[in-house]
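What follows is a short report on a single structure.
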Amino acid sequence: MTEHSGNHHIMPLKIYLGVFLALMVLTILTVWVAFYDLGFLNVFVAVTIACVKAYIVLLYFMHLRYNARILWLTAAAGFIWFVLLTAFTVSDVLTRGWLPPPEAW
Amino acid sequence: MESGDTKRKHYLNIENTPQSWLLTLDHKRIGILYLVTILLFFFLGGVAAVLFRLELLTPDAHLVEHETYNRLFTMHGVTMIFFFLIPSIPAVLGNFLLPIMIGARDMAFPRINLASWYVFTAGGLFGLAAIVFGGVDTGWTFYTPYSSTYANSNVILAALGIFIAGFASIMTGLNFIVTIHKMRAPGLTWFRLPLFIWGQYATAIIMILGTPVIAITVLLVGIERLFGVGIFDPAIGGDPLLFQHLFWFYSHPAVYIMILPGMGVISEVIACFSRKRIFGYHVVAFSSLAIAILGFFVWGHHMFVSSQSMYAGMIFSILSFLVAIPSAIKVFNWTATLYKGSISLDTPMLYALGFIGLFTIGGLTGLFLATMAINIHVHDTYFVVAHFHYVMVGGMLMAFLGGIHFWWPKMFGRMYPEAWGRFAAIVIFVGFNLTFFPQFILGYLGMPRRYHVYPEEFQVLNVMSTAGASILGAGYLMVFVYLVWSLFKGRRSVSNPWCAAGLEWRVSSPPPQHNFKKAPVVDRDAYDYTDEDVYKSDYDSGGTSDG
Amino acid sequence: MAETETSHPDHLAHHFDSVEQQRESASFGMWLFIAQEIMFFGGLFLGYIVYRIKYPMAFATGSNLLSIEWGAFNTAVLIGSSLTMALAVRAAQTGNNRLIIRWILATMLLGSVFLGVKVVEYKDKYDHQLVAGPMFEFDADYVLEREAVPAVYADDIDVHDPQFGSNVHLFYSFYFVMTGMHALHMIIGIGVMIWLLVKAYRKRFGPDYYSPVEMTGLYWHFVDIVWIFLFPMLYLMGRH
Ligand SMILES: [Cu+2]
């Protein structure tokens, strides 16, 4: 079979500690930035930082960086499906009020 | 144990203690366990259908009152959908055949496979408890806030049952995908796979990405009822439409969980009984994936009159039209396969031909319903009921029966009586159409679904429908009786009674415990009916005992 | 019946051809399970997003009643437990049995700290009648006292409006269901780790066979990721 996952890859301790520190720094950053009023950017920044953190966990703690493409695809499918579920539903919620309800007859 | 060594050992007779069945890790036995379990639910759902069809013989409430009637159609919907149709082909035929068809000794995760049956049975017991303690009256759709706040029936039990059974479905899907990816025999490339496998694969994608959403949704309804933690409760600003979005995000694709494996069966049967490779193999394979993926993003067509945004409705309507394309591709390609094939009309083929016709009617009326303006006219009428049953019963159940007949000799090593089989197939076809075609007309004339009384002018069509249901029921009963009879008295089957291509026909009937005594190597495409080699039963010729 | 294959190690199931195939199947299966989990939590996240769009002010106010200190502390604890879990997997890869046990114990400990903090937080919400459900009692004075109304909404919010109070209730429905579901996943994870410990004490793991440790690790990191999103969604989004 061509799909191959290099699970034998043993990462040096330094990387694990570096990842841990990066996650901590990002946590502090997201708390710090939350106290500033950036308008709609607040949500954007918070979600972006969370995504970066999740991405780091996926890459290093969950070894996705060294794994087969099919595992990437699986994780991505879950994420994309959630985004699409949300996008379609929110598109309804946001546009529901655009057209006034029909008058009674 | 069997007497003497002269008898060939296979998965059925290798050991027959209760624990050898209840603790089995053999995918074939698990398939049989599922078969027995879902038949029980089919029977229950059928009883409910008989009762409310009888009630609908007359315009007035003669047999049951509205309270009971609501519980009956809910029982019918819940058991048929969640406990029969969804597991039917994947968990029975899929479990039994998938490893053999790809040349594997078992599923990738046999323990998870067995666990899925236990989880399913546990979910089923909750569903049964809901019925025994008085039933549920919300309809199978569990719309909030009725289900979460107002209904005073066993919503929690039913919701828990569906929640639990959902995980059985997820386990099955997970097993299928890993097995198809990792366990194929040498030489069995993706485009040599039987289309049945492609269908199961597409189904498994939906099971994994869709089922968890219904699980959390019914769990939230349960939490809201049990602890009063309002999620959909309008009193605190909850949005009942959120429930409908979540519900249909699963429940529309669930229709494809029910139909895609059926389409896989039809591809196998059509190829075998017209002695031809499926026309446009690649396109048919990809159309399964296209249906699975596109089918996720059409769910809003159930909500056109729910105060869903008109704009979202338009998008959902367009996407619903698009999903008809891959379905139509399949129908055209099956028809093209028949062209100039040497067709024999054995029982499985009768079901397959029935499937093509009825599925086409069901699919085309689906386009009516996806059109927003027409949907408003026929919404929540018998038109929807008829459409749904043309796809689910005319489509899926036909495919299930066709598949059961096709692989019956493989599963049990016995032939069913062919004449009875053909007769029953025709009875079922006639009964089905008599039951559900009048419902198209009823719905178009405006008879709403889910009512136990109706204006008198609808009686003629309703009587036709009930008469048809009786014929349909008699047909099912006939099938059940002769299949059980054949288990004991049927003619013994050879390895490949249909001279069909495919690895499952190259092991003996019933297959040995670990499927293959000699590891299979595949060197040809699927449905290669030009090559005489495919009929050899050469992968278990290694002796009479199972090593 | 006896196996005909000759070179089957104990931990290789009969239906696999090689250890490699078995390991790849296990991790593929686990990732599919994680995809499934994403959609499971996805339903909840979607609900939260829809209501936050509808009731931004009530959700911001509800969020401000949570303790950001405890939330941040727990985030750190959980990230720490992800680190120890990753180190447990690494110990299994290098075949150091003592370290496997030690790091799993550390992960369980950190997980328990997280759950303990959660109990403290739930208790606080209980004291102020903020537990979603029939006992929820919106106390406008408490909101004012905590200065929970975000400055940007100060002019638009009438905390005494019962509609506003019930929308805050909705926020707490999500707070409890989401953190509750997350905590349940952690409890399950800790339960699985007990099983891992038993196996580790029996010296079952080594460089050739450590799938259970690795799979539990994947699960635990996924639970961590869920929290990475829950923390800003529940605790931070109304601070300014
Ligand atoms: Cu639909």
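General observations
- Residue within the stretch B:185-205 that is open to solvent by less than 10 Å² (accessible area, probe 1.4 Å), in contact with a His (Cβ under 9 Å, 6 or more places away or on another chain) and either at the interface with chain C (Cβ under 9 Å from one of its Cβ atoms) or in contact (Cβ under 8 Å) with a residue 24 or more places away in the chain (or both) present: no
- Restricting the stretch B:13-37 to residues that are at pLDDT 95 or above and among the hydrophobic types (A, V, I, L, M, F, W, C), the residue that is surrounded by the fewest Cβ atoms within 10 Å (Cβ to Cβ) is B:VAL36.
- Of all residues in the stretch A:8-32 being assigned to a loop (DSSP other than H, G, I, E, B) and of a type outside the set (Val, Ile, Thr), the one that is most open to solvent (accessible area, probe 1.4 Å): A:HIS8
- Highlighted here are the helices (runs of 4 or more DSSP H) found entirely within the stretch B:80-184 that include at least 3 residues which are of a type outside the set (Val, Ile, Thr) and within 17 Å of B:PHE41 (Cα to Cα): B:110-132, B:155-182.
Yes or no, residue by residue, for (1) in a helix (DSSP H, G or I); (2) open to solvent by 30 Å² or more (accessible area, probe 1.4 Å); (3) within 7 Å of another protein chain (Cβ to nearest Cβ); (4) within 30 Å of C:PHE28 (Cα to Cα):
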site: A:ARG65; (1), (2), (3), (4): yes, yes, no, yes
site: A:TRP72; (1), (2), (3), (4): yes, yes, no, yes
site: A:ALA76; (1), (2), (3), (4): yes, yes, no, yes
site: A:PHE79; (1), (2), (3), (4): yes, yes, yes, yes
site: A:LEU85; (1), (2), (3), (4): yes, no, yes, yes
site: A:SER91; (1), (2), (3), (4): yes, yes, yes, no
site: A:PRO101; (1), (2), (3), (4): no, yes, no, no
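- Failed item, numbered, when B:ILE329 is tested on (1) more than 16 Å from the ligand (Cβ to nearest atom); (2) not in a helix (DSSP H, G or I): (2)
- Any chance B:ILE293 is open to solvent by 30 Å² or more (accessible area, probe 1.4 Å), within 30 Å of B:GLU504 (Cα to Cα), more than 18 Å from the chain's Cα centre (by Cα) and within 16 Å of the ligand (Cβ to nearest atom): yes
- Reported count of residues in the stretch B:314-326, each being open to solvent by less than 20 Å² (accessible area, probe 1.4 Å) and within 12 Å of the ligand (Cβ to nearest atom), is 4.
- B:THR179 vs. criteria within 30 Å of B:PRO448 (Cα to Cα) and of a type in the set (Ser, Thr, Tyr): no
- Contacts under 6 angstrom Cβ, first residue in the stretch A:38-53 being closer than 25 Å to A:LEU21 by Cβ, partner of a type in the set (Lys, Arg), 6 or more apart: none
- Exactly one residue out of B:ILE293, B:ILE318 is in a helix (DSSP H, G or I), free of Cβ contacts under 8 Å to residues at least 12 places away in the same chain and within 14 Å of another protein chain (Cβ to nearest Cβ): that is B:ILE318.
- B:THR371 being away from chain A (no Cβ under 14 Å), touching a residue at least 12 places away in the same chain (Cβ under 8 Å), more than 19 Å from B:MET478 (Cβ to Cβ) and within 15 Å of the ligand (Cβ to nearest atom): yes
- Complete set of residues in the stretch B:296-313 that are within 16 Å of the ligand (Cβ to nearest atom) and within 11 Å of chain A (Cβ to nearest Cβ): B:PHE296, B:PHE297, B:VAL298, B:TRP299, B:GLY300, B:MET303, B:SER306, B:GLN308, B:ALA312, B:GLY313
The values are calculated or read from the model by the stated rules, or taken from the named source; none is laboratory data. Small disclaimer: the values here were computed from a predicted structure and weren't measured. For neighbour counting, all protein chains shown are included, and Cβ atoms are generated from backbone atoms with ideal geometry for every residue, glycine included. Ligands, DNA and RNA are excluded from the accessible area calculation, which covers all protein heavy atoms including side chains. Shrake-Rupley method; radii C 1.70, N 1.55, O 1.52, S 1.80 Å.
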